[in-house]
Amino acid sequence: MTRLVGYTIFWVAIGMIAGMFIRSTLLCILIVLFLLLLGYNLFMGNG
């Protein structure tokens, strides 16, 4: 379980760094929504 939490925290940090380089707020929101939907589908086994 701690490996999963560490993995998740690592990728959250990578996402925050990437967000600093994307100046468009709308683009950031669209990317977040897309990745949330993708992650949900992959986690639930629907994709």
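Scan the range 1-18 for residues that are closer than 23 Å to ILE29 by Cβ and either exposed (fewer than 10 other Cβ atoms within 10 Å of the Cβ) or not hydroxyl-bearing (Ser, Thr, Tyr) (or both) and jot them down. Talk me through it step by step, then tell me what you get.
Step one: of the range 1-18, the residues closer than 23 Å to ILE29 by Cβ are 8-18.
If the condition is that a residue be closer than 23 Å to ILE29 by Cβ and either exposed (fewer than 10 other Cβ atoms within 10 Å of the Cβ) or not hydroxyl-bearing (Ser, Thr, Tyr) (or both), then ILE9, PHE10, TRP11, VAL12, ALA13, ILE14, GLY15, MET16, ILE17, ALA18 are the ones that fit.
Of the residues making up the range 23-35, those that are more than 14 Å from the chain's Cα centre (by Cα) and either of a type in the set (A, V, I, L, M, F, W, C) or open to solvent by 80 Å² or more (accessible area, probe 1.4 Å) (or both) are ARG23, THR25, LEU26. Residue pairs whose Cβ atoms lie under 8 Å apart, separated by 6 or more positions or on different chains, with the first residue in the range 23-47 and within 16 Å of THR8 (Cβ to Cβ) and the second open to solvent by 100 Å² or more (accessible area, probe 1.4 Å) and at pLDDT 85 or above, do not occur. Put simply, of LEU36, LEU4, LEU26 the only residue that is at pLDDT 90 or above, out of contact with any Leu (no Cβ under 6 Å at 6 or more places or on another chain) and part of a helix (DSSP H, G or I) is LEU26. The requirement of being exposed (fewer than 10 other Cβ atoms within 10 Å of the Cβ) and among the small types (Gly, Ala, Ser) is satisfied by GLY45.
The values are calculated or read from the model by the stated rules, or taken from the named source; none is laboratory data. Quick caveat: nothing in here was measured; it's all calculated off a predicted structure. Glycine gets a Cβ as well: all are built from the backbone with ideal geometry, and neighbour counts include every protein chain shown. All accessible areas refer to the heavy atoms of the entire protein, side chains included, with ligands and DNA or RNA removed. Shrake-Rupley method; radii C 1.70, N 1.55, O 1.52, S 1.80 Å.
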